[in-house]
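Take a look at the structure below.
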Amino acid sequence: MDIQRINGIEMVRAEKIVKHFGSLTVLDGIDLTVKRGQVVVIIGPSGSGKTTLLRCINHLEKIDSGRIYIEGEMIGYREVNGRLIEDREATIARIRSQIGFVFQRFNLFPHMTALENVIEAPIHVLHQPKAEVKERAVALLEKVGLADKADSYPHKLSGGQQQRVAIARALAMNPKLMLFDEATSALDPELVGEVLKVMDQLAKEGMTMIVVTHEMGFAREVADEVIFMDKAVIVEEGSPEQIFDHPQNERTQEFLSMIL
Amino acid sequence: MFRWDIVGQYLFSGLFISAAWTTLWIAVISQTCGVIIGLFLALMRMSRYPWLSLPARAYIWLFRGSPLLVQLLLLYFGFPEVFPGLVPYITIYSAALIAFSFNEGAYMAEIIRAGITSVDPGQMEAAKSLGMRYALAMRRVILPQAARVIVPPLGNEFNNMLKTTSLASVIGLFELTYTAQVYGSQSFSYFELLVVATFYYLILTTLWGYIQSYIERRLDPNRLTGSELKAQKSWTQRMMGFGTRGDRLVGPRELR
């Protein structure tokens, strides 16, 4: 696994991403490379742009300039005579289907049971046979520790359980990349652990992950690389030891001293 | 003087049963077409492309801004006069169905749009993140949730539609109202026959009320089990407006 990580090919490459919300610059020339099998954790104060960056990677958010490549393929845009033109919906959807996204607010489909949530996209997007998908979905629910909740509707589940179903739902698409957007921020403190455990396990299995989080313990333990963002730019990046034990930048030091 | 014997004579006559049937099928077809037209109008109106949203806005403006009666008269009397080619296609039935459907489409568009807007935007994002395209996400994720918001006003619309069909009497369509009018005038028993017509309207709207509350229960996000359903207030109790358990009528917890 380590060899794979060291030799991993580029899974995500972002070049000079710029994004504005009105007059506010939320991403100001972000460069980011994530190799296959790598776990990259993005930390930083709220409003620093980390969630927006994550949302740009699967084109839930448009960018104003720059390029984002998933395994060498540009997402969201085509280049015509040096100008970026938004890509066809079908192309964007196809690339997105290979990227799992876990939301802060879970966003489970409330009119479907846990199992139905998990099998929905493989059946209707990938057109895989129902029996096969169901079998895999049951195994995934078991993996996240919710085998007994397969027939429960989301509103009958706790936040932690909902988030684990959401992770299973993303995994059912066999993604090559998983994006976690503050996956534990909306949870009661006692439920955070069960979700982090699932994420930890995924990382150990070699899943490529980009994780936006406030859980510094998780970042230190699981991350291959930690990125500290502040005010729309990447301030510092490096191994967890570098960032947490020997932060070079003043803003990183300040942020960590407030959190730890 | 009110003559009960005339009411009794006509109440279960083939004449009024067939008139009620006409009223019913015209309402059902018009409402169905109205929902379909409304769905497309709503999606067009919500589009970010002006070439889709502007025609939808214009349509809604036109059909909601003028009386249905005028639209019906225009279609039946006006258009064939100006466009003689239409004459073979404009019958009393087609005119009534087209006018009611098109008009209803404009109202349904606004109801469906409100329903779609009520769904948490995170749902569309989740669907997209799973690789769903807009149309699939709409069909599988958004509309089933919007339905909970759409169905109650849709029910009211159909209730209205059952009664709106009476407007077709002005172009001589033998639904309940025109039947009562024509036969009432022949026998000088307007009052009695209009009472019979009223009786049928009440039968139709009451039956529909029961069907509507059944559908609303089926769409309940909390998916009450059989025993819980029995404990729920009956339709009549809800209509009378007391003892309502408000939490059963709004969306799921996630949407509040």
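Structure values in brief
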| read-out | value |
| --- | --- |
| Within the range A:165-209, trypsin sites (Lys or Arg not before Pro) in DSSP loop having at most 16 other beta-carbon neighbours inside 10 Å | A:Lys176 |
| Shielding by other protein chains, A:159-170, mean Cβ within 10 Å | 1 |
| Amide proton proximity set for A:Gly29, modelled H, under 5 Å, gap of 5+ | A:Ile17, A:Val18, A:Lys19 |
| Computed [θ] at 222 nm, deg cm²/dmol, the protein assembly as shown (DSSP H ≥ 4; -39,500 (n - 2.57); rounded to nearest 500) | -17000 deg cm²/dmol |
| Cα extents of the range A:189-256 along the three principal axes, largest first (Å) | 34, 27, 23 |
| Shielding by partners - mean other protein chain Cβ count within 10 Å, residues of A:108-114 | 6 |
| Centroid-to-centroid separation of the range B:1-26 and the range A:119-172 [C-alpha atoms, Å] | 56 |
| Net charge of neighbours whose Cβ lies under 15 Å from the Cβ of A:Glu250, counting Lys and Arg as +1 and Asp and Glu as -1 | -1 |
| Rounded Å value of the spacing that divides the Cα centres of the range A:239-260 and the range B:108-126 | 43 |
| For the range A:178-228 versus the range A:41-110, the gap between their alpha-carbon centres in whole angstrom | 20 |
| log10 of Debye I(q)/I(0), alpha-carbon scatterers only, for the range B:4-223 at 0.07, 0.17, 0.18 Å⁻¹ | -0.29, -1.18, -1.25 |
| Counting DSSP beta bridges with both ends in the protein assembly as shown, the antiparallel % (nearest 5) | 60 |
| Contour excess over end-to-end distance, with Cα ends at B:Met1 and B:Val82 and 0.36 nm allotted per residue | 24.5 nm |
| A:Glu61, A:Glu237, A:Glu86, ranked by accessible area, largest first (probe 1.4 Å) | A:Glu237, A:Glu86, A:Glu61 |
| Distant-in-sequence amide H partners of A:Asp230 (H built 1.01 Å from N, under 5 Å) | A:Val235 |
| Antiparallel %, DSSP beta bridges [both residues in the range A:115-238], to 5 | 55 |
| Karplus 3J(HN,Hα) series, Hz, for the range A:92-103 with 6.51 cos²θ - 1.76 cosθ + 1.60 (x for Gly, Pro) | 4, 4, 5, 5, 4, 5, 9, 10, x, 10, 10, 8 |
| Degrees, to the nearest 10: B:190-218 long Cα axis against longest axis of chain B | 20 |
| Pairs from A:Lys156/A:Lys204; A:Lys35/A:Lys176; A:Lys19/A:Lys231; A:Lys16/A:Lys231; A:Lys62/B:Lys128 whose Cα-Cα separation, in the structure shown, is over 20 Å | A:Lys156/A:Lys204 |
| With Cα atoms, 0 to 90° folded angle of helix B:14-45 axis to chain B main axis | 30 |
| Charged-residue dipole, Cβ positions (Lys, Arg, Asp, Glu), chain B about Cα centre, Debye nearest 20 | 1060 |
| Solvent-accessible area, 1.4 Å probe, carbon plus sulfur percent, for the range A:157-260 | 46 |
| Under the Karplus curve 6.51 cos²θ - 1.76 cosθ + 1.60, θ = phi - 60°, whole-Hz ³J(HN,Hα) for the range B:106-118, x wherever Gly or Pro sits | 5, 6, 5, 4, 5, 5, 5, 4, 4, x, 5, 5, 6 |
| Accessible surface, 1.4 Å probe, highest first, among residues B:Ser169, B:Ser66 | B:Ser66, B:Ser169 |
| Residue-level accessible surface for B:Val149, protein heavy atoms, 1.4 Å, Å² | 70 |
| Average partner coverage of A:115-125, which counts Cβ from other chains inside 10 Å | 3 |
| Accessible surface of B:Phe12 - all protein chains present, 1.4 Å probe, nearest 10 Å² | 140 |
| Point-to-point label distance, A:Thr91-B:Leu11, nm (Cα→Cβ direction, 7 Å offset) | 7.2 |
| Gyration tensor verdict on chain A (Cα atoms; rounded if a/c is under 1.5, prolate if a/b is larger than b/c, oblate otherwise) | oblate |
| Amide H partners (placed H, <5 Å) of A:Leu177, local residues excluded | A:Gly100 |
| Relative frequency of Cα-Cα separations exceeding 32 Å in the protein assembly as shown, percent | 56 |
| Relative contact order, percent, chain B [alpha-carbon distance under 8 Å, six or more residues apart] | 25 |
| Interface A:B - total buried accessible surface [probe 1.4 Å, Å², rounded to 100] | 2400 |
| Where the protein assembly as shown is the region considered: accessible area per residue in Å², 1.4 Å probe | 48 |
| Anisotropy class of the range A:99-248 from Cα gyration tensor, a/c 1.5 cut | prolate |
| Solvent exposure ordering (accessible area, 1.4 Å, most first) of A:His59, A:His124, A:His20 | A:His20, A:His124, A:His59 |
| Karplus-derived 3J(HN,Hα), 6.51/-1.76/1.60, for each residue of the range A:190-206, Hz, glycine and proline x | 6, 9, 5, x, 5, 6, 4, 4, 5, 5, 4, 4, 4, 4, 5, 6, x |
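The values are calculated or read from the model by the stated rules, or taken from the named source; none is laboratory data. Please read all numbers here as calculations on a predicted model, not as lab measurements. Backbone-built Cβ (ideal geometry, glycine too); neighbour counts: all protein chains shown. Surface areas here come from the heavy atoms of the whole protein model, side chains and all, with no ligands, DNA or RNA. Shrake-Rupley method; radii C 1.70, N 1.55, O 1.52, S 1.80 Å.
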